[in-house]
Amino acid sequence: MSLHLHEGGDDLQENHEINVTPFIDVMLVLLIIFMVAAPLATVDVKIDLPASTAKPAPRPDKPIYLSIKEDSALFLDNEQVEPAKLGAALDLRTSGDKDKTIFVRGDKGVQYEELMRVMDNLRGAGYLKIGLVGLETVGAK
C-alpha cells in the first residue's frame, strides 16, 4: 500500500491504487522468453538414418541375445520366454550378474513401442547394459 500525504494535516490517507508497472515488465520479459524458447522445443527435422559403416566391436565370449520377432515373441538365445518372466530367465542365464551386456535383436517389422517396452522390462529387471544388434554394411551409403 502506498500513502498519500495531505499538506494541511497530520493524518495520512491510504492510496488504494495498485502499481502494475512491475507486473507488466515481468510479463513482457516472460513473453519474450517464451517466444524465443517455443520454436526450440519442437523437433520437426525429417531425417533418413544411414546404415552404420563403423568397425564392429569385438563380441564377448558368450553373448546373451534377446530376440524380438515380428509377432512380439521374445527369445532368449534360442528359447522362447514370456515377457513377465524375462527378468527371472535373465537372472538364471547370467547367474545374477547385472553388469553383463544384453544384445537385443529386433525384426524389421517390430513396432518401436514394443522395442521400448522390452527395453523397459530389461531396465526394470536391473540390466542397464543393452546393446542393439543390426546388420553391418561396410562401405554402403
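Read-outs: derived from the displayed coordinates by stated rules, not from any lab. None of the values given here were measured: they were computed from a predicted structure. All Cβ positions, even for glycine, are placed from backbone atoms using ideal geometry, and neighbour counts span all protein chains on display.
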Q | Label zone at Asp77 (point 7 Å along Cα-to-Cβ), backbone N below 15 Å, region 101-135 | A | 101-103
**Q.** Label point distance in nm, Val29-Leu12, each placed 7 Å from Cα along Cα→Cβ
**A.** 2.9 nm
Q | Length released on extending from Lys129 to Lys108, taking residue separation times 0.36 nm less the Cα-Cα span | A | 5.3 nm
